[in-house]
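Asker: One structure is given below, represented as structure tokens, and several questions about it will come after.
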Amino acid sequence: MASIFRRGGKRTGCWQIQWFDDTGKRRSKNSKTTDKSAAQRIANKLESDAALRRDGVIDAALDWIGKESQRTIDSHLADFEAKLRTGKRDAEHVRSTISYIRTIAKSAGFSSAADIQADGVNHFANDLGERRSSRTVEAYLIAFKAFTKWLTEHHKLPRDPLSSVKKPNPKTDRRRERRMLLPEEWRWLESVTNTAPPKYGMTGHERVLVYSTAIQSGLRSNELRSLMSSGLYLDSNPPYITCKGRSTKNKQDARQYVQSDLAAQLAAHIRTKAPKASVFGIASKDDATKMLREDLADARKEWLTDSKTPDERVRREQSDFLAEWNHDGKVFDFHALRHTTGAWLAMTGAHPKVVQQVLRHSSITLTMDTYGHLFPGQEADAVDRLRDFLGVPLADALRATGTDDQPQESPQSALHYAQQSERETVPEGAKQCANASGGPEDDTSSQVLRIPGFCERTPGFSAAEGTGLEPATRKRAPDFESGC
């Protein structure tokens, strides 16, 4: 039977309770009351519940969930944060995720896990959506939904209270769209920055190396900051740089190819650096963005000064050439250098799958959604190639498919016939079954984005004419020469 008593034989103070739980273990608890009869009722309740658990009347699992759901959100967040760190998540991702969860909990008035309700989260998302973009709202909801899913899977809540909460589609309200850097803009940025004074602890030439590497490799700001001298293989043919999975977005090692002239400059740059030293002295992500923004402004100022006549000066001032924001409301920030990688590759005629591999997109859908409008008329070319099949004589077509009165050919024979008759479209230079499954040998065939050649052979972007519009706004497509 449960007993109550006061410690040390005192006549005042709260009553203590002792009882045996469902496993037979002796338990003690402070009743937190000075009323003897109230303390006895609590003791009787604890003893009664222990008996019900022993007899299976009270489900121990549900009882555990009930207790866990009453814990504070902050106490659960400590465990959730430990889980994220154990999963080798990026430190910035962990910090932002915990911050998003705390912000929603505070705004909605959730103190314990049991307080979490879909209505409170929906109200928060609606209020935030009036001030911020859908992408930002989505980030908050992803973090909090991951938290409630974890609570449910670890038996801290009986069900997921946010299973009905839907994330917004960021494509319907993108408030921060990036633009690519025009080839002529790159020439001005490179020229002006090369001779500029040191800034953010980096010389002008080093900043140009950062921008060139970002465009040719498609590496993100944090990935560039993590590059070490030992990760640059500049003597290889072709040269390439590597970024460890702990610093990449998809947590996989990245091998990105660069041009030989950039490789030579990088080799000279790291000649005196230790193997574990950072290639570039970029202090933070914010510094990278500020650095590029200031260099872009200096290049535009120099471009405006280069005007030959007052009328040309007016035209240039009205242009968005080398401007941070263009007339369509698209911004050029540091991440736009990566956007430039994909755009230039698409415009040079690279296959969409190659662009996807260079940018390390998770799916071809992401590549096509972003750069699909820049790939030159491949749909029309594909339909035009049907002319060859439409012109195949009936007898030849029947023989190729084995549907004439002759003995039926195997599918392999029909395919061979079509190839020999040049009726099937085969990429130029392709070898039958060559590297079909991919492998190390595929690395040597990777395409490298040639910045200088691209810039020199892109017509219609003359700075002297005061233009600054993107290629998509022009009536004619650039005429690229082969080998660009």
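Since every read-out is calculated from the coordinates, none of them should be taken as a lab result. The structure displayed is predicted, hence computed values, not measured ones. Because the Cβ atoms are built from the backbone with ideal geometry, glycine has one as well, and the counts that use them run over all protein chains shown.
Asker: Taking the simple approach of a point 7 Å from Cα along Cα-to-Cβ for both Ala61 and Lys32, what is their distance in nm?
Answerer: 3.0
Asker: Here is a further query. When Thr242, Thr213 are ordered from fewest to most other Cβ atoms inside 10 Å of their Cβ, what list results? Kindly include the intermediate steps, with their values, before the conclusion.
Answerer: Values: Thr242 14, Thr213 23.
Ascending Cβ contact count within 10 Å gives the list Thr242, Thr213.
Asker: Which pairs, out of Lys88/Lys249; Lys10/Lys36; Lys67/Lys166, put more than 21 Å between their alpha-carbon atoms? Kindly include the intermediate steps, with their values, before the conclusion.
Answerer: Working: Lys88/Lys249 12 Å; Lys10/Lys36 13 Å; Lys67/Lys166 29 Å.
From the list (Lys88/Lys249; Lys10/Lys36; Lys67/Lys166), the Cα-Cα distance tops 21 Å for Lys67/Lys166.
Asker: Where Rh is the Kirkwood radius over the Cα pairs of region 177-374, the temperature 20 °C and the viscosity 1.002 mPa s, what D in µm²/s does Stokes-Einstein return? Walk me through the numbers before you get to the answer.
Answerer: Working: Rh = 17.7 Å.
D = 121 µm²/s.
Asker: Can you tell me how much longer the chain between Val314 and Phe5 gets when fully stretched, taken as 0.36 nm per residue apart minus their C-alpha distance, in nm with one decimal? Before the final figure, lay out the partial values.
Answerer: On the way: separation 309, 0.36 × 309 = 111.24 nm, distance 9.17 nm.
Answer, rounded to one decimal: 102.1 nm.
Asker: Could you pull out the pairs from Lys45/Lys106; Lys32/Lys149; Lys251/Lys353; Lys45/Lys145 whose alpha carbons sit more than 32 Å apart here? Working shown, then result.
Answerer: Numbers: Lys45/Lys106 34 Å; Lys32/Lys149 35 Å; Lys251/Lys353 20 Å; Lys45/Lys145 36 Å.
In this structure, Lys45/Lys106; Lys32/Lys149; Lys45/Lys145 exceed 32 Å between Cα atoms.
Asker: Quick check on the exposure proxy: order Leu234, Leu304 from fewest to most C-beta atoms within 10 angstrom. Let's see the in-between values first.
Answerer: Details: Leu234 19, Leu304 16.
So the residues, fewest neighbours to most, are Leu304, Leu234.
Asker: Here is a further query. For a quick size check, give me the Cα extents of region 73-172 along its three principal axes, largest first, whole Å.
Answerer: 34, 29, 20
Asker: Using the Karplus equation 6.51 cos²θ - 1.76 cosθ + 1.60 (θ = phi - 60°), what ³J(HN,Hα) coupling, rounded to whole Hz, does each residue of region 365-373 give in order, writing x for Gly and Pro?
Answerer: Couplings: 4, 4, 5, 6, 5, 8, 10, x, 6 Hz.
Asker: Compute, for region 3-58, the length of the dipole vector about the Cα centre, with Cβ point charges of +1 (Lys, Arg) and -1 (Asp, Glu) only. Units Debye, rounded to 20. Walk me through the intermediate numbers first.
Answerer: On the way: 14 positive and 6 negative charges, 82 e Å.
The calculated dipole for region 3-58 is roughly 400 debye.
Asker: Further question: What does the extension gain come out to for Lys301 and Thr12, with contour length at 0.36 nm per residue minus their alpha carbon separation?
Answerer: Length gained, Lys301 through Thr12: 95.8 nm.
Asker: Please compute the modelled spin-label separation between Glu130 and Leu366, points set 7 Å along Cα→Cβ, answer in nm with one decimal.
Answerer: 3.4
Asker: Give the cross-link partners of Lys199 among the lysines, using a straight C-alpha distance below 16 Å as the criterion and excluding same-chain residues fewer than 8 apart.
Answerer: Of all the lysines, those that pass the test against Lys199 - Cα under 16 Å, at least 8 places apart if same chain - are Lys285, Lys290.
Asker: Still on this model: Pull out a ≥ b ≥ c, the square roots of the eigenvalues of the alpha-carbon gyration tensor of region 3-58, then state rounded if a/c is under 1.5, prolate if not and a/b is larger than b/c, and oblate in the remaining case. If you can, show how the numbers build up before the last one.
Answerer: On the way: a/c = 3.93, a/b = 2.12, b/c = 1.86.
Prolate.
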